[in-house]
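What follows is calculated from the coordinates using simple rules that are stated; it is not laboratory data. Everything numeric here is computed off the predicted structure, so don't read it as measured data. Note: ideal-geometry Cβ built from the backbone for every residue, glycine included; neighbour counts use all protein chains shown.
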Amino acid sequence: MSGIRPTGFLHLGNYFGAVRNYVRMQETYTCYFMVADLHALTTLKETKELKGHVRRVLAENIACGLDPDKVALYCQSHVPETAELYLFLNMLAYVGELEKTPTFKDKVRLQPQNVNAGLLTYPVLQAADILLHRATYVPVGKDQEQHLEIARNYVNRFNQRYGEAVFPEPYAFNFGEELAKVPSLDGAGKMSKSENQMATLYLADDDETIRKKISKAKTESGSGISVKTNGGEREVLGGKPESVANLFQLLKLVSTEDVLQKFESDYQAGTIRYGDMKKELAEGMVKFISPIRERAEAIRNDEPYLRKVMEQGAAKARASAAITLQLAKDAIGLNYF
Ligand code: TRP
């Protein structure tokens with residue numbers, strides 16, 4: 001089970017860090033992938049934008065290979081059982097624990113004028129999403145580790161308080177490999193939604209935009225060993241400056257071993273032509289991104305199909321949720337006949 005935030009526009013980092021993992025999981029496991037539209041309400045100012053975001057994120061995930069016939073792909077708000085379980089879990093949620101959660105503290109800093117209770121109980125809602133299907137594997141990044149720990153606490157408190165082991169403990173999941181980190185085109189950190197858009201490749205970027213972003217990426221005419229300053233520490237990046245190392249990492253994602261080797265040895269020999277390398281990278285990215293973009297575009301415009309996907313997903317999720325809720329109510333003692 002995992003939740004996808006409806007923030008619109010997926011980028012290459014989302015693809016290699018998350019979506020690819022979902023697509024692999026669907027072959028082996030019973031999967032529930034949910035668009036977290038209720039979670040979005042904790043921060044979203046303009047809720048009229050939800051419709052476009054939700055449709056886009058669904059279309060882009062399907063275009064990347066997520067198959068709505070193999071998994072339950074649904075919107076959180078279409079499964080009201082989530083809210084019911086959330087209510088039960090609130091009785092197991094300690095305010096002190098929630099106040100200490102780093103994501104909550106971040107949000108308090110970011111929106112001091114809107115510290116709503118939904119922000120505080122964000123991890124409770126997330127635990128409800130997961131426990132609703134009694135899920136054990138949750139494909140998420142490192143930033144969600146705290147939320148999973150909180151979910152495990154509720155599992156154990158529930159079992160202790162009500163004397164029945166209804167829920168298994170959920171754990172973060174990936175296929176035992178280091179998830180591919182996707183560096184930004186400017187060499188400063190990872191690709192991200194909010195930061196420099198010129199340094200991030202979106203799955204919706206057209207071919208010309210992809211080429212332009214890559215051709216504008218800066219490279220350093222490298223001289224010997226380069227260093228970067230990182231919080232006062234000097235760190236050598238495999239002998240390459242960051243704004244070169246990132247291009248190599250990106251090329252690795254979309255090119256062949258041969259091509260990569262050629263540029264690597266050119267680099268070592270000091271004869272590398274960054275123009276050629278960028279051209280190779282741009283064409284590789286265009287070839288990778290354009291079919292996804294075109295599929296996503298077609299899906300986004302096919303309203304009846306998207307509606308069918310959402311209805312079918314909600315039906316599967318609600319069937320699973322109904323069983324869990326019955327078990328939970330029985331365990332709590334909310335059954336009088
Ligand atoms: N909090 C998650 C994020 O920010 C999204 C999310 C909501 C989620 N519900 C979930 C992730 C349940 C995993 C399981 O990305």
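For Lys329, a cut-off of 24 angstrom between C-alpha atoms picks up these lysines, skipping any fewer than 8 places away in its own chain: Lys316.
Annotation: lysines with alpha-carbon distance below 20 angstrom to Lys279 (same-chain offsets under eight excluded): Lys212, Lys213, Lys216, Lys218, Lys240, Lys252, Lys262, Lys287. Go ahead and collect, in residue order, the members of the stretch 6-34 whose backbone nitrogen is under 20 Å from a label point 7 Å along the Cα-Cβ direction of Phe175. Of the residues in the stretch 6-34, 11-34 have backbone N under 20 Å from the label point off Phe175. Of the GluC sites (Glu not before Pro) found in the stretch 1-75, those that fall in a DSSP loop while having at most 12 other beta-carbon atoms within 10 Å are Glu27, Glu46. How about Lys142: which lysines have a C-alpha closer than 22 Å to its C-alpha, ignoring those fewer than 8 places off in the same chain? Hits, sequence-local ones excluded: Lys100, Lys105, Lys107, Lys181, Lys190, Lys193. Over the chain, Cα pairs under 8 Å with separation of 6+ residues give a relative contact order of 24 percent. Its Cα gyration tensor gives the chain an equivalent ellipsoid, and the semi-axes of that ellipsoid, as √(5λ) in whole Å with the largest first, are 41, 23, 18. The label point for Leu87 and the one for Asp330, both projected 7 Å from the Cα toward the Cβ, are 2.1 nm apart. Does the stretch 138-224 come out rounded, prolate or oblate, given a ≥ b ≥ c as the square roots of the eigenvalues of its C-alpha gyration tensor, rounded meaning a/c under 1.5 and, failing that, prolate meaning a/b above b/c? Prolate is the answer for the stretch 138-224, as a/c is 1.5 or above and a/b outweighs b/c.
For Val35, the residues whose modelled amide H falls within less than 5 Å of its own, excluding neighbours fewer than 5 places apart on the same chain, are Ile4, Tyr74, Cys75, Gln76. Count neighbours as other Cβ atoms within 10 Å of each site's Cβ, and list the trypsin sites (Lys or Arg not before Pro) in the stretch 244-331 that are DSSP loop with at most 11 such neighbours. Within the stretch 244-331, the qualifying trypsin sites (Lys or Arg not before Pro) (loop, at most 11 other Cβ atoms within 10 Å) are Arg273.
3J(HN,Hα) along the stretch 120-137: 4, 9, 3, x, 5, 5, 5, 4, 4, 3, 6, 5, 4, 10, 6, 7, 10, 10 Hz, from the Karplus curve 6.51 cos²θ - 1.76 cosθ + 1.60 with θ = phi - 60°, whole Hz, x for Gly and Pro.
Summing +1 for each Lys or Arg and -1 for each Asp or Glu among the other residues whose beta-carbon sits under 13 angstrom from that of Val155 gives +1. Amide H contacts for Tyr137 (H built 1.01 Å from N in the peptide plane; partners 5 or more residues away or on another chain; cut-off under 5 Å): Tyr171.
Using the Cβ-Cβ distance between Phe337 and Glu149 with R0 set to 51 Å, the FRET efficiency works out to roughly 0.85.
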